[in-house]
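J.: Take a look at the following structure, please.
No value in this document is a laboratory result; all are computed from the given coordinates. All of these numbers come straight from a predicted model, not from anything done at the bench. Cβ: placed from backbone, ideal geometry, glycine included. Neighbour counts: every protein chain shown.
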Amino acid sequence: MSAPPVLARLQALLREQGGLMASLLDGDPTNARPAGESATRRRPNSQPLGAGPVPNGSGPAQVAAAGPRAQAHAEEYELLMEAIYEGYLLHYGSPRVVRPPEADLGLLAGDQLYALGLARLVALGDLAAVEELADVITLTALAQGEGREDLALAVWAAGARAVGWGSSDSHRRAKTLVHARDPEALQAMRAAAEAGESLPS
């Protein structure tokens with residue numbers, strides 16, 4: 001199976017930058033998997049992160065890039081979201097394109113990918129999306145720390161939706177519930193991921 005084009009682009013970007021990240025790339029780009037396919041170690045058959053009018057099997061990058069907020073730079077949003085999601089998988093799951101030989105190196109590479117994706121968002125001037133994705137990184141860390149992979153997936157789905165469509169009162173409430181470790185957090189975050197978001201004025 002060939003790599004999805006965006007993952008091949010991510011590999012090319014990291015190879016071009018050189019250094020640590022280039023040294024950790026999978027040698028065979030056809031091994032790269034889309035986000036919806038074997039995305040995590042503990043749940044290899046987990047549901048893809050979809051929301052809104054995007055095809056089944058789409059990951060958070062495709063969800064965000066499909067939204068009207070990302071329309072003018074859809075390919076760049078997809079690429080930077082894949083970088084951040086790959087960073088997340090290096091911390092908590094099975095990465096698709098970066099193959100560190102040991103866990104500590106994987107954490108370092110994951111942090112570098114977080115920084116890379118957020119820096120590219122800053123270059124686009126989308127500070128609202130930077131804030132959303134910083135929240136995603138924080139909230140998924142809380143969820144994973146409690147063994148709540150279902151909640152982490154919901155946070156990603158809602159965060160990707162907010163990047164593409166804009167945030168909402170329901171999403172902000174859901175994030176507060178996650179911080180508070182409220183039992184209703186999962187349901188609220190899933191509802192935010194499915195809700196029709198409106199663009200900020």
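J.: Jot down the per residue volume, in cubic angstrom and as a whole number, of the convex hull over the alpha-carbon atoms of segment 89-157.
T.: So the per-residue Cα hull volume is 90 Å³.
J.: If N is the number of residues in segment 59-201, what value comes out of its Cα radius of gyration divided by 2.2 N^0.38 Å?
T.: It is 0.99.
J.: Going highest first, how would you order 72-83, 155-166, 176-187, 107-118 by mean Cβ packing within 10 Å?
T.: 155-166, 72-83, 107-118, 176-187
J.: Between segment 160-181 and segment 130-159, what's the alpha-carbon centroid distance in Å?
T.: 10 Å
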